[in-house]
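Read through the structure below, which is laid out as structure tokens, and then see the notes.
The values are calculated or read from the model by the stated rules, or taken from the named source; none is laboratory data. Only a predicted model underlies this, so the values are computations on that prediction, with no experimental measurement involved. Backbone-built Cβ (ideal geometry, glycine too); neighbour counts: all protein chains shown.
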Amino acid sequence: MAAAEHQWPEDADGRVPYWVYTDKDVYQKELEKIWYGPHWLYAALECEIPNPGDYKTTTLGEKPVIVVRDEDGEVRVVENRCAHRGLKLCQNRHGNESDFVCPYHQWSFDLKGNLLGVPFRRGVKGQGGMPKDFDPKENGLNKLNVEVVNGVVWASFDHNLPPFREYVGERFWKHYTRVYDGRKLELLGYNRQHIPGNWKLMQENIKDPYHAGLLHVFFVTFGLFRADQKSAVDIDDEGRNAILISRKGEKEQNEVTGDLRQFQSDLQLSDPRILDVVHEFPGEETVGMITMFPSVILQQQTNSLSTRQIVPKGPGGFDFHWTHWTYADDTEEMKLRRTRQANLFGPAGLVSADDGEVIEFAQQGFAASEEQAAVVTMGGREKDPTDHMVTEAAIRGMYGYWRKVMGYE
Ligand SMILES: [Fe+2]
């Protein structure tokens, strides 16, 4: 069915039709309107490319890009696609180069993406070569809009969107700078996985505090995230970005655990250092999970700090790139603590393995029923911030924004 033929269900804020996850035309339109549209996309941590010439390759939407520090120390993001015949120029994940040379015909580009050289540009023995009016300035790599914000590299294909702080708004700027406060960051390591489900399901997962205290036996058992804990969901004015805020509780049995089929109060960790949690951020909260639409989740779960980048791969799957980090001025003990706590996350994490699995089950469930719809009425039909967890308000907020951008109002 073509994208234009789809109708949004009548209960607009309470339903999400399954075709948003399955339809190829809808997905193509998402790439164009959302991923290549006016949104800041997560590209890298600045600490991954500390020196001039350092680069990393990644994918924004479906487009390969190079994130590189130029000779003046400035971070650039250029499309990883030769201006000549369209080849993916650079195949490495990381490296250091003084320029990028295409393997096919050796066109070369400087670290800012400008075309440096074209072999045989003036021909050989007076024959052939590029036309006289060929202008190297017009044949550089496609340069993205870039802003480095407290250690995170944000990029956009749109050159007219507002600066990051204005884009997220002052309320969200406060959430962002709670963890990304300007201190230097240091890389701890990576995980990568492919999840066979639509990319929006990952955004929904972290906009959905309702599941966290039910699906994640580990969270509930060890008191990290439970429905009876002091918590809140904040949503930006557009509905696109959200944060789940919560406070770690105790391992105890009460009315909440009575509803949980898997709760076992007698479970013990054989290595309790994985939960050697120390309080470090301002306020009482121990969890702040930010969903930045569409490309990333900024995770702060006790002392575990990660970015989780979403790389869509067609309507039915996405790659998930985890980057675990620490503050550069942390003690060795703190760095080790963050590394240990990272065992809760990533593809085989004690918590997040659950999410990968249910996202796959979701895609399997609705793949053949695209005119049916999901129910997202937990907590009402409002899309406003709340001070509890038993709500799907942030999912409704995201689809309110999605419909506006995609033209399904
Ligand atoms: Fe989860």
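For the reader, a short list of remarks on this structure follows.
- Residue, farthest from the ligand (Cβ to nearest atom), within the range 211-235, restricted to residues that are of a type in the set (Val, Ile, Thr) and part of a helix (DSSP H, G or I): Thr221
- Of residues in the range 160-210 being within 15 Å of the ligand (Cβ to nearest atom) and over 22 Å from Arg396 (Cβ atoms), the one surrounded by the most Cβ atoms within 10 Å (Cβ to Cβ): Ile195
- Scanning the range 1-49 for residues that are under 30 Å from Asn150 (Cα atoms) and either part of a helix (DSSP H, G or I) or among the basic types (Lys, Arg) (or both) returns Glu30, Leu31, Glu32, Lys33, Ile34, Trp35, Glu46, Cys47, Glu48.
- Inter-residue pairs, beta-carbon under 8 Å, first under 15 Å from Gly61 (Cα atoms) and in the range 191-206, second within 15 Å of the ligand (Cβ to nearest atom) and among the charged types (D, E, K, R), 6+ apart: Met202/Arg308; Met202/Asp355
- Scanning the range 88-122 for residues that are farther than 20 Å from Asn142 by Cβ and hydroxyl-bearing (Ser, Thr, Tyr) yields one hit, Ser98.
- Meets criteria (over 22 Å from Ile310 (Cβ atoms) and either assigned to a strand (DSSP E or B) or assigned by TED's automatic domain parsing to the domain that holds His321 (or both)) for Leu116: yes
- Residue among Ser352, Ser369 that alone is under 22 Å from the mean Cα position of the chain (by Cα) and of a type in the set (S, T, N, Q): Ser352
- Residues within the range 74-109 that are assigned to a loop (DSSP other than H, G, I, E, B) and over 25 Å from the mean Cα position of the chain (by Cα), tallied: 15
- Residue in the range 370-381 that is farther than 25 Å from Glu32 by Cα, at pLDDT below 90, in the same structural domain as Val233 (by TED's automatic domain parsing) and of a type in the set (D, E, K, R) present: yes
- Considering the range 297-409, the qualifying strands (runs of 3 or more DSSP E), each wholly inside and each with 2 or more residues that are within 16 Å of the ligand (Cβ to nearest atom) and not hydroxyl-bearing (Ser, Thr, Tyr), run over 304-312, 318-327.
- Contacts under 9 angstrom Cβ, first residue in the range 345-359 being of a type in the set (Ser, Thr, Tyr), partner modelled with pLDDT under 95 and within 9 Å of the ligand (Cβ to nearest atom), 6 or more apart: Ser352/His216
- Yes/no for Glu32 being among the charged types (D, E, K, R) and either at pLDDT 95 or above or surrounded by 16 or more Cβ atoms within 10 Å (Cβ to Cβ) (or both): yes
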